[in-house]
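The values are calculated or read from the model by the stated rules, or taken from the named source; none is laboratory data. Everything numeric here is computed off the predicted structure, so don't read it as measured data. Here the Cβ positions follow ideal geometry from the backbone for every residue, glycine too, while neighbour counts run over all protein chains shown. To get the accessible areas, we keep the full protein, side chains included, count just its heavy atoms, and leave off ligands, DNA and RNA. Shrake-Rupley method; radii C 1.70, N 1.55, O 1.52, S 1.80 Å.
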Amino acid sequence: MKPNPLQRSRVVIETITPAVDGGRYAIKRTIGEIVSVEADIFADGHDMIAASLLYRHNADTSWRETPMKFFDNDRWQASFSIDRVGSYSFTIKAWIDHFLTWRRDLEKKAKAGQDVSLDLRSGHELVTSALEQAPDEERGGIKAWLDKWSDPAKPQAERVALALDSFFGERVHLHSDRSLATRYPHEFVVIADPVRARYGAWYELFPRSCNSDGKRHGSLKDVETQLPRLADMGFDVLYLPPIHPIGEAFRKGRNNNPEAQPGDVGSPWAIGGKEGGHKAVHPELGSVDDVRRLVEKAKAVNIEIALDIAFQCSPDHPYVREHAEWFKKRPDGTIQYAENPPKKYQDIYPFDFESPEADGLWQELRSVFEFWIHHGINIFRVDNPHTKGFPFWEWVIGELKRAHPETIFLSEAFTRPKVMYGLAKAGFTQSYNYFPWRNTGPELRQFMTELTRTNVREFYRPNLWPNTPDILPQFLQYGGRAGFMIRFVLAATLGASYGIYGPAFELCEDRPRAPGEEEYLDSEKYELKSWNLNAPQSIEPLIKQVNAIRRANLALHSNDLLAFHSTENEQLLAYSKRTADRSNQILIVVNLDPHHRQAGVTELNLEEFGIGPKDTFQAHDLLSNAHYLWRGPRNSIELDPKQLPAAIYHIRRHVRTENDFDYFM
């Protein structure tokens, strides 16, 4: 390759963060969050460098610019805030700043007593050049300043002092020559989501079981009657499993029995029947108009409706009849049903994302999302996305977010970490994860540290669920009511976003189908259920209290500043969250043992709280309403799971005013 003498830009820009796979994928932020950008920026020689962060919203036609600041070892930083949903782009521009270099050298030479008359002439040329770039309103002031220190009749010391005037020097610096600036060749993308993408409490229920005695099929109008209760409990999102017609061919019976009996209602995930498919509503649940009505009723009590999207079909789905080319065929000509050997799911046909007709399939599946968006749904929980093509998700979510940036997509992919991360990179807003199976202190610390303190945080947002209709973890099976309380507090405070499958969760439903399994006995996936919401074992009061605590404390609205603290007892897990300005600081201690009282001594990193090592501070337990005065990092904790297995402390620092008035803040 021949040298190009026109390539005279000398500044090198590299190692830009935040970035996902070198900028191949977008990072994620929500309204009100900051994007703090860093980069290594350097050049040959000893000339001074200047750099700017360029950024813009996708709706803007011009770039906004903010200066970057050097802070250590050729590392530079600048930031911008997210104020609109959609997407942002950013990149970096840097250049040799000959004016700053001149000022630095002039000051050094003058201090050494050297003659700087020629240097002042050189500076005159640089400022004159900058004048041409300056806006009209600044030119007069800069020109007057230039004339003063250029006057050869003035003493040299006075001229130097004028030349080094910081106010006018900054004006010139802003308009210095950038003709040989280096602009990083890649523009990094930030997906800007609504706050609900970062923070929210989800509740899942089956509409067909609402107000049911186990025989009567519930409806979407019955769901409306549950909205006041869920709002009072403090939930932000009501998630509904598939609400579409259910196929009759190979319908599953109770407890996943391959042979359905008369009256068995089947699995909602076996989508499609004579009444329609993914754009239809099960007739016993209601109509599309009832969906719109439910969305409006929920909105009135500050709840958003999330809808399950499961891209699979029952054998009775219209797609099977009208688009057989979208499914794989077996050697005998029949359509391949879903399998996870040795398990067989004859009631479900998966789509073939390798089909030669995939273009038509992609377009139709996008239209499913668009149909429900048109009817008021903006949040989607996507079933098993890891069994569909990654290129499809990157395309469809990208298309939908461009048209509807307020949409949120929750990935239900309990699979290998890199696969889950791949789906998040492809565009999913939030993700299910391994939380249901992380029970011990070391497991939880390692798991949450990876999600919140590594580069994973830039693209992967966890939504913590202690149970789902598919998962009854062993901890809940054997932990009793205290076990449910423990897992609830962990989910709701470790994660800014969490969810529960209820009423099974608040009623502490712990019966597995068989020992060693995680499937519920008499699972609601296959039958109507009758729930006694007033049962004495319900933990609804705790759920309501914790959700109120979450709403009142901004520290719990984010995962960014999660920090773990030692307790000298592995059965006690201590961790804290705080706002960046420390105006709200929360310490949580959870007894991980559902059967025994546990005690220990916390070893708090008081620096995290802005508290001195010998300072007195207040710990107000928001669950018990007890107040404690603690001093220093080591303080005793004792938690009895038969009463409350956790404490949620509001930490208030001691403040003394100038007139010696003491208070805690």
Of all DSSP beta bridges with both partners in the chain, the antiparallel percent, nearest 5, is 75
Computed over the stretch 405-494, Kirkwood Rh from alpha-carbon pairs, angstrom = 13.9
Within the set of other residues whose C-beta is less than 15 Å from the C-beta of GLN477, count the net charge using Lys and Arg as +1 and Asp and Glu as -1.
-> -3
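Below 8 Å between Cα atoms, with a sequence gap of 6+, how large is the relative contact order for the chain in percent?
10
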Ordering 559-566, 330-337 by per-residue average of other C-beta atoms within 10 angstrom, highest first, gives 559-566, 330-337
In whole Å, what is the distance between the alpha-carbon centres of the stretch 125-174 and the stretch 547-600?
-> 56
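In the chain, carbon and sulfur make up what percent of the accessible area (probe 1.4 Å)? Mind dumping the intermediate values first?
Working: 14750 of 29570 Å².
Roughly 50 percent of what the probe reaches on the chain is carbon or sulfur.
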Value of Rg to Rh for the stretch 362-422 (Rh from inverse mean 1/r over Cα pairs, i.e. Kirkwood) | 0.96
On the first, second and third principal axes, largest extent first, how far apart are the outermost C-alpha atoms of the chain in Å?
-> 107, 68, 44
In cubic angstrom, how much convex hull volume per residue do the alpha carbon atoms of the stretch 547-605 span?
-> 92
Work out from phi, with θ = phi - 60° and the Karplus expression 6.51 cos²θ - 1.76 cosθ + 1.60, the ³J(HN,Hα) of each residue of the stretch 591-604, listed in order in whole Hz, and give x for Gly and Pro.
-> 7, 7, 9, x, 10, 9, 5, 10, 10, x, 10, 6, 10, 7
Report the net charge of residues surrounding HIS565, where surrounding means a beta-carbon distance below 15 angstrom and charges are Lys +1, Arg +1, Asp -1, Glu -1.
-> 0
Measuring from a point 7 Å past the Cα of ARG84 along Cα-to-C-beta, which residues in the stretch 53-71 have an amide N at less than 16 Å?
-> 55-65
Cross-link pairs LYS401/LYS525; LYS388/LYS418; LYS69/LYS108; LYS418/LYS544; LYS274/LYS525; LYS215/LYS252 - those with Cα-Cα distance over 24 Å = LYS401/LYS525; LYS418/LYS544
Taking only DSSP H segments of four or more residues, each worth -39500 (n - 2.57), what value at 222 nm results for the chain once the sum is divided by all its residues, to the nearest 500 deg cm²/dmol?
-> -8500 deg cm²/dmol
Can you list the HN-Hα couplings for the stretch 455-460, worked out from phi with the Karplus curve (6.51, -1.76, 1.60; θ = phi - 60°), rounded to whole Hz and with x for Gly and Pro?
-> 5, 4, 4, 6, 9, 10
Could you state the orientation-averaged shadow area of the convex hull built on the Cα atoms of the stretch 216-264, in nm² to one decimal?
-> 4.8
Qualifying lysines (Cα of each under 22 Å from Cα of LYS111; at least 8 residues distant if same chain) = LYS148, LYS154
Sequence-distant or interchain residues sharing an amide H contact under 5 Å with GLY499, placed H: which?
-> TRP202, LEU464, TRP465
Which distance in nm do the two modelled labels at HIS124 and HIS375 give, with both placed 7 Å along the Cα-to-Cβ direction?
-> 7.8
Just grab the label-to-label distance for ARG453 and SER624, each label 7 Å out from Cα along the Cβ direction, in nm (one decimal).
-> 2.8
The stretch 343-387 scanned against label point 7 Å out from GLU325 along Cα→C-beta; backbone N under 19 Å for 350-367
Where the only charges are on Cβ atoms (+1 Lys, Arg; -1 Asp, Glu), what is the dipole of the stretch 454-520 about its Cα centre, to the nearest 20 debye?
-> 220
Work out from phi, with θ = phi - 60° and the Karplus expression 6.51 cos²θ - 1.76 cosθ + 1.60, the ³J(HN,Hα) of each residue of the stretch 631-637, listed in order in whole Hz, and give x for Gly and Pro.
-> 9, x, x, 9, 9, 7, 10
So who's got an amide H within less than 5 Å of the one on GLU603, skipping anything under 5 residues away but keeping other chains? H placed 1.01 Å off N, in plane.
-> SER566, THR567
In nm, the gap between the two label points placed 7 Å beyond Cα toward Cβ at ALA514 and SER36 is 5.3
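Over the stretch 390-453, what is the relative contact order in whole percent, taking alpha-carbon pairs under 8 Å and six or more residues apart?
31
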So who's got an amide H within less than 5 Å of the one on ILE379, skipping anything under 5 residues away but keeping other chains? H placed 1.01 Å off N, in plane.
-> LEU307, ILE408
FRET efficiency estimate (nearest 0.05) - Cβ-Cβ, ASP44 to ASP165, R0 30 angstrom | 0.50
